[in-house]
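K.L.:
Handing you this structure, nothing more for now.
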Amino acid sequence: MNSVLRWCLTTGLVCLVLGLSACASRPTPTRSADEQFWSGRLALNIASEPPQSLSGGFELKSQAHSGELKLLSPLGNQLAQLDWAPGLARLDQGGKIYQQTSLDALLIQLTGSALPVLALIDWLQAKPVQVMGWVADLSQLANGRLHIQSEGQQPAVQLRLVLEP
């Protein structure tokens, strides 16, 4: 599998991770009443051979059964966008498009693992959902911090989020 593709998708999940946030201000996204929105910085560490460490910004929007995750460089440039809705999941990585019939199927195709993007949305809402193979530390969520790590899978993955106020 392409290491750049794995980097972008894994970063998006679980996405997706502490680095520098964008220096330029971005316009505030328009949201509907039932939409949730989070943004901030993320840091992803993968204990692969060789080890991988990634950091940058993210913007995550979620509605009842659909969502959008944008991965941003430390300077605020968009690296990739993951969109999902019932029956379709799509990753746009700089014009290269990947599609599947579900978010899990797309993530498995691209990374070999169903990363917990939907659980991440629950965790960001302080819902202590259980996901096999993943542990979320919600104890610092009130301070805008979330730590997620894989458990019992190889390579081990750690994701840290720092939310913008």
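K.L.:
For residue 61, only one of the following conditions fails: (1) closer than 23 Å to residue 37 by Cα; (2) over 14 Å from the mean Cα position of the chain (by Cα). What is its number?
P.N.:
With (1) closer than 23 Å to residue 37 by Cα; (2) over 14 Å from the mean Cα position of the chain (by Cα) applied to residue 61, the lone miss is (2).
K.L.:
Then there's this: Do you know which residues across the range 67-101 are in contact with a strand residue (DSSP E or B) (Cβ under 6 Å, 6 or more places away or on another chain) and exposed (fewer than 15 other Cβ atoms within 10 Å of the Cβ)?
P.N.:
73, 74, 78, 99
K.L.:
Looking at (1) under 13 Å from the mean Cα position of the chain (by Cα); (2) modelled with pLDDT of 90 or more, which one does residue 66 not meet, given that it meets all the others?
P.N.:
In the conditions (1) under 13 Å from the mean Cα position of the chain (by Cα); (2) modelled with pLDDT of 90 or more, residue 66 misses (1) alone.
The values are calculated or read from the model by the stated rules, or taken from the named source; none is laboratory data. Bear in mind the structure is a predicted one, so any value in this text is a computation, not a measurement. Note that we place each Cβ from the backbone using ideal geometry, even for glycine, and neighbour counts take in every protein chain shown.
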